[in-house]
1. Could you compute Rg(Cα) / (2.2 N^0.38 Å) for the stretch 8-59, with N its residue count?
2. Tell me, rounded to the nearest percent, the portion of alpha carbon pairs in the stretch 1-119 spaced more than 24 Å apart.
3. Quick check on packing: order 75-84, 34-43 by the mean number of other C-beta atoms within 10 Å, highest mean leading.
4. Distance in nm between label sites at residue 179 and residue 42, each 7 Å beyond Cα in the beta-carbon direction?
Amino acid sequence: MALISVKTILTSLSLFHITLAYFFYTNPNAIADQALVYVLGEAMGMPQTTSFTTPSSATSFLSITLLVLGLSDLLTLSMPEEIWLIHYWGSQAPLRITVFAFVSLYTYFSTPSYGRAGPSRMSHPLAPPNVFVAGSSMGGAGGGGTGGDGLRNRVFFTFAFLEFLSWFWVWVTLKEEASSFVARKRRRGSASNGAARGF
């Protein structure tokens with residue numbers, strides 16, 4: 001039996017998304033200034049971004065998306081246990097793990113070395129610095145950048161990495177609780193069949 005139930009983890013994760021939605025809507029700089037964002041960003045060599053200093057149309061869109069995601073995830077927990085435990089989250093958790101693992105790896109490996117020369121994380125440590133500003137296009141002022149350039153910052157990396165860890169925790173706990181739920185259901189089914197044969 002897990003120390004924390006999967007329903008508690010999912011409820012906490014949904015409330016976390018709703019809380020993030022509130023801060024992205026009202027004060028996105030509060031998220032960018034968090035100690036965890038700073039520590040993970042520095043540890044992984046992710047650059048800072050100025051995109052979260054004030055609310056913008058992008059942060060408002062992100063907040064509404066997170067709000068809908070959090071509310072819909074909370075709503076699934078009100079369905080019968082077999083539906084959300086076995087069918088819905090049994091397929092959602094591995095999908096979300098895969099997506100956030102891919103996004104975390106993409107963000108890490110596509111970001112040039114923070115404070116180092118060259119586009120590779122494997123550049124020589126004594127190479128002269130070439131500071132990369134997150135959100136700026138790699139191709140200069142004329143363009144050449146893609147939408148992925150806006151994802152190469154410590155706020156997005158921290159979000160994607162924490163989501164990956166959280167969904168992995170959900171998946172491990174979910175597998176354990178789903179197998180115990182199926183065993184309970186089998187025992188109830190065999191007990192009801194035995195009682196029916198007795199009559």
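FYI, it's all coordinate maths here, none of it is from the lab. Model, not experiment: these values are computed from the prediction. Virtual Cβ from ideal backbone geometry, glycine too; neighbours counted across all protein chains shown.
1. Taking N as the residue count of the stretch 8-59, the ratio is 1.26.
2. Tail of P(r) above 24 Å: 42 percent of Cα pairs.
3. Values: 75-84: 12.7, 34-43: 14.4.
So the order, starting with the most tightly packed, is 34-43, 75-84.
4. With each label placed 7 Å out from Cα toward Cβ, I get 4.2 nm.
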